[in-house]
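Contents: one structure, followed by commentary.
The values are calculated or read from the model by the stated rules, or taken from the named source; none is laboratory data. Computed from a predicted model, the values in this text were never measured in an experiment. FYI the Cβ positions are ideal-geometry reconstructions off the backbone, even for glycines, and counts take in every protein chain you see.
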There are 2 protein chains.
Amino acid sequence: MYSSIHFQSKPRATTNASKPEVIEKLKEIVGAENVLVEPEKVEPYGADAVKEKFPPEAVVFPATTKEMSEILKLANAEIFPVTARGGGVGYTGGAVPVDGGIVIGTDRMNKIIEISADDLYVVCQPGLTTWDLQQAVEKHGLLFPPDPASYKDSFIGGNIAENAGGMRTPKYGVTKHSVLGLEVVTATGEIIRTGGKTVKNVVGFDLTGLMCGSEGLLGIITEATLKLLPMPEATATVRASFKSMELACKVLTKFTPEGLLPMAMEVIDQNCIGAIEQNFAFGLPKEAGAILIVAVDGFKDEVEKNAEMIERILEANDGFDILRSRSKEEEDKLWDVRRAISPSLMKYGTLKLNEDVVVPRSQVPELIRKIEEIGRAHNTFVANFGHAGDGNIHVNFMCDKDDSESIRRARECVKETFQLSVDLGGSISGEHGIGYVKAQYLDMAIDLPTLEVMKGIKKVFDPNGILNPGKMFV
Amino acid sequence: MYSSIHFQSKPRATTNASKPEVIEKLKEIVGAENVLVEPEKVEPYGADAVKEKFPPEAVVFPATTKEMSEILKLANAEIFPVTARGGGVGYTGGAVPVDGGIVIGTDRMNKIIEISADDLYVVCQPGLTTWDLQQAVEKHGLLFPPDPASYKDSFIGGNIAENAGGMRTPKYGVTKHSVLGLEVVTATGEIIRTGGKTVKNVVGFDLTGLMCGSEGLLGIITEATLKLLPMPEATATVRASFKSMELACKVLTKFTPEGLLPMAMEVIDQNCIGAIEQNFAFGLPKEAGAILIVAVDGFKDEVEKNAEMIERILEANDGFDILRSRSKEEEDKLWDVRRAISPSLMKYGTLKLNEDVVVPRSQVPELIRKIEEIGRAHNTFVANFGHAGDGNIHVNFMCDKDDSESIRRARECVKETFQLSVDLGGSISGEHGIGYVKAQYLDMAIDLPTLEVMKGIKKVFDPNGILNPGKMFV
């Protein structure tokens, strides 16, 4: 119901959250200094990376699970919307209070409680950035693998609630694969504990998995126990050009027969390459129809051997202009091309509709070929790049933010791209989630009986529908 | 409510499933030849590895999802219990119809539908053994990592429903980490589809994770899409003895600083060693207080290097009698000791209560020390072995099947061991699940608000409580 008003903003809603006695009680729970109500102060909490503004009536910053529970008990008794917010950098409005009510900022719950190198886990609160978490465990020689692009700004609580992806998925999986246990406050203020500190745990239903990717609709995460791995000694990257996306993607399947599982396999399409060259003049080959970047990690010797093997495989399968990193600096340089995409694309429009569809990776060439057709049919520039190794492609339809007709066309492209992804055996989101932005498209990917089960589960956790209303289901 | 009658059997229950018109309808749905009702024919479907007999009123073998749906619609309309059964080799009675009703055998739904080496997945039905599945994908150079001990007999559907573990968990995780998507028939006969064919998929709640380990209480799996990996080129194993369990387990933490993540880390305690030597005379060192077996996989060169590194680490950390495999044959021989445990233990009693508690792995020595105290206090022989790398220990209390007093004592040991495991930061089951055997202990590990959420979810999938009654919750 909201996506039709995309790129607009909404006046501040008024719900029971604005009642003076409610505000008073919120201040009693967390302290007056931790409740924001002034319009100019709450405004920044009304948007995420989608940039549409839905200001909350109040922003509340609890410091403890007990405070979180009391806030939710109050909200459930008074019936007003509650939207949890981490770093606020999502692409589907998950942290945005579209129906008003309060935003709960987890900023003060930002402590690391325990790092166990012996048992390979970390216990932390939801409000620290994934980058800070990674830095902290790295000091103990440990790796927390999930690496969504926004990891320097996104909070770990948000990453769990959105089941964030990233580049290292081919080897390490997504965020849910690194979550062992959670403490969660449900909409009724109950504190539940899912999973534990061990990978093996088959005691009752797996609520940990259910919470990952539940987008704040089932409960608010107040503590997480995350799985860690030994930090690999080294990484290496190989980059190559191909005449076409078909040829680039064909290589993805050539590593398996050699027993190789790269950590990351990223692809850049011809339109992206053109945009990058126009802006940065890296000197990429003119005949490049696609660029493939493949990275491995592990022990130093092994990494070098595997990088050489990748180089050979790329060469034997129509790759050209092949570059292999021999140092951290060279590796960083090879990735510059990837980092140059987003700024370069902004020359093709003042507004970028950035989608993240996913298909079985063998379908990526077909996906991109047909997306280009869709773009041409709707007179919209489109450029594609992303995580080819797991079939998760970022599709960027460019339009003019002051031209509603160009936006309408781009949105039509998005809709057709979603249907295309489902038709190719994939789905409408690989890592950004549904939020309010994709809610109207959910039934393209999920059939009615399955949707009914999801809605039933929502009712178990949140009988009065106070948690993140207006998201996922419409 | 059932565990007090452990090791007894129950006369055949009578529910609406026995009504002649119900049996008639079941025969209409699947064909008369696929419905068993004769007492001698249904009897084998009344027990699993627990060996207690609860014969069903009928056993039904559907061939399609549609038939499965019709059976469940009938059961939900007539209200009779339905218990899904895979290989029937579970340790907690998950496939056993304790309240009567029908057993659904998935034996006829045993097809592999698609193997995609390009996209690294397999689509299959629930009724083939995990071994058969592994053999089939291996022909394509692919690995399905989950390896529960019973994998030659257990069905993949049962492994998913129980979220089975195994030895390779330290590197590859448990079954749920290899499940991408499921087709499930709920108690009301609705066919739902969870997840998909891709690792990245954040569209709606993660019902795939929820189904893994749901023990047949939420729905019956009719199709699974499973994640595959490139088959590693080689494996190698190193075995060492240690003076004590403390010293053996201390080594587990020494691999991380070297950047090494072994595939498997198995431990055998002193009582097991004594039992093995008495029966097989392998010539294990007399002063061995524990044996540690560590395995790695990967490329041949890398595996050899890593095995050498493990050898050095074991040596530097008080290991002795260290043996490293140089061939597949040598490797098999090193594992003979592990395989000898179960037959050896049967000399210490005619009945083995085999538990599978889990703790953070640094707590394994403390766990085993205190379990020995518990055994002594209750005059019960106990021997421990298992998956030290993930803290999942098989605790074996030995008793006499004809001596109810010895069984009572052993069961008291089990109960205290469960509480101990929870107190040490772990839980009451790492891989066997709850079933009816551990149902009365569930609240040791799961608090009341979390249990209420689980029961609420059960109601969403199964409003009339027909699916696997008498399990998990009591």
* Structure fact -> A:G209 vs (1) farther than 29 Å from A:I457 by Cβ; (2) not acidic (D, E); (3) not in a loop (DSSP other than H, G, I, E, B): all pass except (1)
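Every residue, every condition in (1) touching a residue at least 40 places away in the same chain (Cβ under 8 Å); (2) over 20 Å from B:I104 (Cα atoms); (3) not assigned by TED's automatic domain parsing to the domain that holds B:F80, yes or no:
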residue: B:G127; (1), (2), (3): yes, no, yes
residue: B:Q134; (1), (2), (3): no, yes, yes
residue: B:P146; (1), (2), (3): no, yes, yes
residue: B:I156; (1), (2), (3): yes, no, yes
residue: B:N159; (1), (2), (3): yes, no, yes
residue: B:M167; (1), (2), (3): yes, yes, yes
residue: B:G181; (1), (2), (3): yes, yes, yes
* To do: Working only within segment B:255-272, note down all residues that are small (G, A, S) and either crowded, with 21+ Cβ neighbours inside 10 Å or within 12 Å of B:S244 (Cα to Cα) (or both).
  => B:A264
* Determine, yes or no, whether A:S421 is in a helix (DSSP H, G or I) and more than 22 Å from the chain's Cα centre (by Cα). => no
* Does B:A84 fit the bill of being more than 14 Å from chain A (Cβ to nearest Cβ), outside any loop (DSSP other than H, G, I, E, B) and of a type in the set (A, V, I, L, M)? -> yes
* **Condition met for A:A63 (without any contact (Cβ under 8 Å) to a residue 12 or more places away in the chain and more than 20 Å from the chain's Cα centre (by Cα))** => no
* **Test: residue in segment A:244-265 that is in a helix (DSSP H, G or I), without any contact (Cβ under 8 Å) to a residue 40 or more places away in the chain and not assigned by TED's automatic domain parsing to the domain that holds A:A84** => yes
* Answer residue from segment B:31-52, given it is within 20 Å of the chain's Cα centre (by Cα) and in a loop (DSSP other than H, G, I, E, B) and is nearest to B:P20 (Cα to Cα) among those -> B:A47
* Structure fact -> Residues of segment A:202-240 being of a type in the set (D, E, K, R), within 7 Å of chain B (Cβ to nearest Cβ) and on the phi > 0 side of the Ramachandran plot, in sequence order, are none
* Could we say that B:A117 is touching a Phe, Trp or Tyr at 6+ places or on another chain (Cβ under 9 Å) and not β-branched (V, I, T) here? -> no
* Do we have B:A236 as closer than 30 Å to A:K254 by Cβ and not acidic (D, E) here? -> yes
* To do: Report yes if some residue within segment A:280-291 is in a helix (DSSP H, G or I), more than 9 Å from chain B (Cβ to nearest Cβ), buried (at least 24 other Cβ atoms within 10 Å of the Cβ) and modelled with pLDDT of 95 or more; otherwise report no.
  => no
* Structure fact -> Scanning segment A:120-141 residue by residue, those crowded, with 22+ Cβ neighbours inside 10 Å and touching a Lys or Arg at 6+ places or on another chain (Cβ under 6 Å) turn out to be A:Y121, A:Q125
* Asked: Which is in contact with an Asp or Glu (Cβ under 9 Å, 6 or more places away or on another chain) and buried (at least 24 other Cβ atoms within 10 Å of the Cβ), of A:P97, A:P146?
  -> A:P97
* To do: Answer yes if at least one residue in segment B:301-323 is out of contact with any Gly (no Cβ under 9 Å at 6 or more places or on another chain), without any contact (Cβ under 8 Å) to a residue 24 or more places away in the chain, in the same structural domain as B:K250 (by TED's automatic domain parsing) and buried (at least 17 other Cβ atoms within 10 Å of the Cβ), and no otherwise.
  => yes
* Asked: Of B:G426, B:G456, B:G470, B:G433, which residue is at positive phi, out of contact with any His (no Cβ under 9 Å at 6 or more places or on another chain) and facing chain A (nearest Cβ under 7 Å)?
  -> B:G433
